[in-house]
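Everything below concerns the one structure shown next.
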Amino acid sequence: MPIITGLDDPKNAKLLYKEADIGFGVGVGITAQEDWIVIATGDNVTSEVRLVPADNPTAEPILISPRKEGRQYGVDVRDGTLFIHTNDDHVNFRVATASLAKPGEWKTLIAGSDRHYLTGLSLFKDFFVTEGRIDGLDQVEVRRYDGPTKAEPITFPEAAYVAGLGDNPEYDVQKLRLDYESMVTPDTVFDYTVATKAFETLKVQEIPSGYDASQYQTERVMITARDGTKVPVSIVSKKGFKKDGSQPLHLYAYGAYGYATPPGFSTNRLSYLDRGFAYAIAHIRGGDDLGYQWYLDGKLNKRTNSFNDFVDAAKGLIDLGYTGKGKVTASGGSAGGELMGAVLNQAPELFGAVVSHVAFVDVLNTMLDKDLPLTPGEWPEWGNPITDKAAFDTIRSYSPYDNVVPQAYPPTLWTAGLNDPRVTYWEPAKMVAKLRAMKTDDNVLLLKTNMGAGHGGKSGRFERLHENAEEAAFILWQMGLGDIK
């Protein structure tokens, strides 16, 4: 993947950098003071950064530190000092500094913490900001250059929420633009004055159909998984929801690639909540919700933790009275679709209806096909079954397609995209064909192949709403809450 300069005339374009590793992607950015171009390369677990003077882009790039497998780092520059965000000596990352003259000699500025997961670093003229999570909840902290270890946390009004820096393109600022939401509070944009710690509300997401936040409630519970690990679950419901096992609950998770699933706001959930559902997000291992180790504990040879966490979260919510067996509905897409396939094989009796979008369900065959363009870049996440027998055996043990057995499965809707470059359309098709051949029930089993879309579904706001409505309609139909055929 090359980086090229010379926009005035393609004939004058010059190659700045070309990545030789087929599994690495390349991106370009600019430092906070806009004096350096950042060329960042990496895959899901390893990264490497080069700097090029913004006023001389064809100069020889400065390599900050050669790539080391499993080490990630990002770089910004302030007045000639490098600020480095890296996981080199702690799984939850640290912040280090270095000089341009010796960019590979890193000195700790903020040490890594077992409890505080540092996810981001942004430089401004008079202060810098770190973002992260403590016990799975977002943290935004202002730090001074003359006292970087002393944090000035920005406090938010709810017990569970999603918060972070918004668009802050200016370097010399006294106010920070923040984004905030919760499962009850719509997306809100604030200006935060650093000196006074005052918030100014600039915009609140408009809900055209009307929305009264006082009618809803959000909770956070910890479910004990089968190995003793505490898995957080965020829940939203309408006030008056009965915890006697009589009401349905929709459970969602992703659990892969270190992507956290934040407890944010969604208008799509209101269709469920207003019909008596609770809506829950299980923060399962495989995401980095509780830190980078939380991600590591759900990948490669520990991948089955993700599936077990989801099943155990469903069972735990049943035990707590949020719903009953057969009244749990679930959905997920891509790697979350893999999750749906795996939990269907493991505990189909828990679910009343499941929707699995562009599902990565033929994991073993895909990871064995090195000629598929995305496969080499996926080996750090799933393992390479071509060269590693242990990886082969692990993937074989959970790959949804390879573990379909003769048993009753709940009503299920599977979707695929004909032009999907990430999860080929034949994966959900194969899964459905095998289920139809082996399942022992008469429940509805549908496959929808979108003939004009890829991995993200149809483009356009209203087409997306149609697809969201399609999922909700299927679930409500199967739960007896809508005469939809």
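The values are calculated or read from the model by the stated rules, or taken from the named source; none is laboratory data. All values reported here derive from a predicted model rather than from experimental measurement. Please note: Cβ atoms are built from the backbone with ideal geometry, for glycine as well, and neighbour counts cover all protein chains shown.
Take region 130-178 and flag every residue that is under 27 Å from Gly29 (Cβ atoms) and of a type in the set (Gly, Ala, Ser).
Gly132, Ala151, Ala163, Gly164, Gly166
What are the residues in region 152-198 that are part of a strand (DSSP E or B), closer than 27 Å to Lys125 by Cβ and either modelled with pLDDT under 95 or not hydrophobic (A, V, I, L, M, F, W, C) (or both), if any? Give the steps one after another, and end with the answer.
Quick first cut of region 152-198, residues part of a strand (DSSP E or B) only: 152-153, 162-165, 175-181, 188-193, 198.
Next cut, closer than 27 Å to Lys125 by Cβ only: 152-153, 163-165, 175-180, 188-193, 198.
Of everything in region 152-198, those that are part of a strand (DSSP E or B), closer than 27 Å to Lys125 by Cβ and either modelled with pLDDT under 95 or not hydrophobic (A, V, I, L, M, F, W, C) (or both) turn out to be Glu152, Pro153, Gly164, Lys175, Arg177, Asp179, Tyr180, Thr188, Asp191, Tyr192, Thr193.
Across region 365-390, which residue is farthest from the chain's Cα centre (by Cα) among those that are on the phi < 0 side of the Ramachandran plot and buried (at least 20 other Cβ atoms within 10 Å of the Cβ)?
That would be Pro385.
I'd like the full set of residues that are small (Gly, Ala, Ser) and either farther than 21 Å from Asp312 by Cα or in contact with a Pro (Cβ under 7 Å, 6 or more places away or on another chain) (or both), limited to region 189-228.
Ala195, Ala198, Ser209, Gly210, Ala213, Ser214
Would you pick out the residues in region 199-221 that are part of a strand (DSSP E or B), of a type in the set (Ser, Thr, Tyr) and modelled with pLDDT under 95?
Hit for region 199-221 is Thr218, nothing else.
Please state which one of Lys239, Lys197, Lys243 is in contact (Cβ under 8 Å) with a residue 24 or more places away in the chain and at positive phi. It would help to see each step written out before you state the result.
On the way: Lys239 fails: at positive phi; Lys243 fails: at positive phi.
Result: Lys197 is the single residue among Lys239, Lys197, Lys243 that is in contact (Cβ under 8 Å) with a residue 24 or more places away in the chain and at positive phi.
Would it be correct to say that Gly287 is in the same structural domain as Ile395 (by TED's automatic domain parsing), touching a residue at least 40 places away in the same chain (Cβ under 8 Å), closer than 19 Å to Arg226 by Cβ and under 18 Å from the mean Cα position of the chain (by Cα)?
No; evaluated as a whole, the condition is false for this residue.
Tell me, which residue of region 85-104 that is among the polar types (S, T, N, Q) and in a loop (DSSP other than H, G, I, E, B) is nearest to Asp35 (Cα to Cα)? Spell out the reasoning first.
Taking region 85-104 and keeping what is among the polar types (S, T, N, Q), we get 86-87, 92, 97, 99.
Still in the list and also in a loop (DSSP other than H, G, I, E, B): 87, 92.
On the way: Asn87: 26, Asn92: 29 Å.
Within region 85-104, the match that is nearest to Asp35 (Cα to Cα) is Asn87.
Table: residues versus (1) charged (D, E, K, R); (2) closer than 25 Å to Thr46 by Cα.
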{"position": "Lys325", "(1), (2)": "yes, no"}
{"position": "Ser331", "(1), (2)": "no, no"}
{"position": "Glu338", "(1), (2)": "yes, yes"}
{"position": "Leu344", "(1), (2)": "no, no"}
{"position": "Ser356", "(1), (2)": "no, no"}
{"position": "Pro376", "(1), (2)": "no, yes"}
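Please find, among Phe83, Phe93, the residue that is in contact (Cβ under 8 Å) with a residue 60 or more places away in the chain, under 28 Å from Arg133 (Cβ atoms), buried (at least 20 other Cβ atoms within 10 Å of the Cβ) and in the same structural domain as Gly136 (by TED's automatic domain parsing).
The unique qualifying residue is Phe93.
Could you grab me the full set of residues in region 362-398 that are of a type outside the set (Gly, Ala, Ser) and under 20 Å from Asn345 (Cα atoms)?
Asp362, Val363, Leu364, Asn365, Thr366, Trp382, Phe392, Asp393, Thr394, Ile395, Arg396, Tyr398
Restricting attention to region 332-343, and to residues there that are touching a strand residue (DSSP E or B) at 6+ places or on another chain (Cβ under 6 Å) and not small (Gly, Ala, Ser), which single residue is surrounded by the most Cβ atoms within 10 Å (Cβ to Cβ)?
The qualifying residue surrounded by the most Cβ atoms within 10 Å (Cβ to Cβ) is Leu339.
Given (1) touching a residue at least 24 places away in the same chain (Cβ under 8 Å); (2) assigned to a loop (DSSP other than H, G, I, E, B); (3) under 24 Å from Leu339 (Cα atoms), where does Gly228 come up short, assuming only one miss?
Among (1) touching a residue at least 24 places away in the same chain (Cβ under 8 Å); (2) assigned to a loop (DSSP other than H, G, I, E, B); (3) under 24 Å from Leu339 (Cα atoms), Gly228 violates only (1).
Of the conditions (1) of a type in the set (Gly, Ala, Ser); (2) modelled with pLDDT of 95 or more; (3) more than 21 Å from Lys327 (Cα to Cα), Gly245 fails just one. Which one is it?
Result: Gly245 passes all but (3).
Test Pro10 against the criterion of being over 26 Å from Gly383 (Cα atoms) and touching a Phe, Trp or Tyr at 6+ places or on another chain (Cβ under 8 Å), and give yes or no.
no
For (1) modelled with pLDDT of 95 or more; (2) closer than 30 Å to Val189 by Cβ; (3) crowded, with 24+ Cβ neighbours inside 10 Å, each residue gets a yes or a no:
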position: Ile223; (1), (2), (3): yes, no, no
position: Lys238; (1), (2), (3): yes, yes, no
position: Ala282; (1), (2), (3): yes, yes, yes
position: Asp309; (1), (2), (3): yes, no, yes
position: Gly321; (1), (2), (3): yes, no, no
position: Ala330; (1), (2), (3): yes, no, yes
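As an exercise: evaluate Asp55 against (1) more than 25 Å from Glu131 (Cβ to Cβ); (2) in a strand (DSSP E or B) and give the number of the one condition it does not meet.
(2)
Can you tell me which residue within region 461-485, out of those that are acidic (Asp, Glu) and farther than 17 Å from Asn443 by Cα, is modelled with the highest pLDDT? Break it down stepwise before answering.
Just the residues of region 461-485 that are acidic (Asp, Glu), to begin with: 463, 467, 470-471, 483.
Remaining after also requiring farther than 17 Å from Asn443 by Cα: 463, 467, 470.
Working: Glu463: 71, Glu467: 84, Glu470: 92.
Per the stated criteria, the residue is Glu470.
Could you please tell me which pairs satisfy a Cβ distance under 7 Å, a separation of 6+ or placement on different chains, a first residue in region 397-419 that is surrounded by fewer than 20 Cβ atoms within 10 Å (Cβ to Cβ), and a second residue that is acidic (Asp, Glu)?
Pairs found: Ala408/Asp441.
Check Asp319 against each of (1) without any contact (Cβ under 8 Å) to a residue 24 or more places away in the chain; (2) farther than 25 Å from Pro410 by Cα; (3) not hydrophobic (A, V, I, L, M, F, W, C) and name the one condition it does not meet.
(2)
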